[in-house]
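Readers should treat all values here as calculations from the given coordinates under stated rules, not as data from a laboratory. No experiment lies behind these values; they were computed from the predicted model shown. For neighbour counting, all protein chains shown are included, and Cβ atoms are generated from backbone atoms with ideal geometry for every residue, glycine included.
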Protein chains: 2
Amino acid sequence: MARKPNALRLEEIYHKIEAYPGKRAASLARLLGLNRSEVTRSLPALEERGWLVYEDDRGGLYPFDKANSQN
Amino acid sequence: MARKPNALRLEEIYHKIEAYPGKRAASLARLLGLNRSEVTRSLPALEERGWLVYEDDRGGLYPFDKANSQN
DNA sequence: AAAGCTTGTTGCAGGGAATGCAACAGAGGT
DNA sequence: ACCTCTGTTGCATTCCCTGCAACAAGCTTT
């Protein structure tokens, strides 16, 4: 089934968060053709790699890098 | 057996190369408690992650970052 | 109030990939 | 010759990533 290496998966997810800041996990999953669980389960792994993700009170996801404290 | 995630494994290997530049794969394997094959098989994965490793003609391994061309 | 839809989470099973072991050939030293 | 150490590789085992399905909670629309 040609599973992609984990690193590329995480990179895709983070890039989608950058491209669509504020989207919820389910929306990103549809954009990426992934299962919802895959996206939510990847968030901790993203942070471990230094790609911090901020989550607002409605589940919207935003990139949290570049020392941007207005998120 | 508490196998560590692949990313941490690769990081450990590269840190050992930094700590003991010039050591061969078998030496690093002993220092890390790993099999020799694990270290040599990890070298391509290290490069894919941007942790370039230089290998001299006797098998000694060196970090190859920081634009250091005297390696 | 219901019914419907979407969300995030979680348990489970399948499968791909990482790992360890052992054997091998080659290089070097005694 | 022998012995040791090295890197490589084939194979079997095991890990854990992934998708699926079910669930509860929240929200909107009847």
>> If I ask for residues that are of a type in the set (Asp, Glu) and without any contact (Cβ under 8 Å) to a residue 12 or more places away in the chain, which ones from region A:1-37 would you list?
In response: A:11
>> If a residue must be more than 9 Å from the chain's Cα centre (by Cα) and either surrounded by 13 or more Cβ atoms within 10 Å (Cβ to Cβ) or within 8 Å of DNA strand C (Cβ to nearest atom) (or both), how many such residues does region A:30-47 contain?
In response: 10
> helices (runs of 4 or more DSSP H) wholly in region B:1-50 with at least 1 residues that are more than 25 Å from residue A:49 (Cα to Cα) - which ones?
Replying inline: B:25-32, B:36-48
>> Which residue is nearest to the other protein chains (Cβ to nearest Cβ), if the candidates are limited to region B:7-22 and must be surrounded by fewer than 18 Cβ atoms within 10 Å (Cβ to Cβ) and over 22 Å from residue A:11 (Cα atoms)?
In response: B:15
>> With the requirement that a residue be in contact (Cβ under 8 Å) with a residue 12 or more places away in the chain and either within 14 Å of another protein chain (Cβ to nearest Cβ) or basic (Lys, Arg) (or both), what does region B:38-49 give you?
In response: B:42, B:45, B:46, B:49
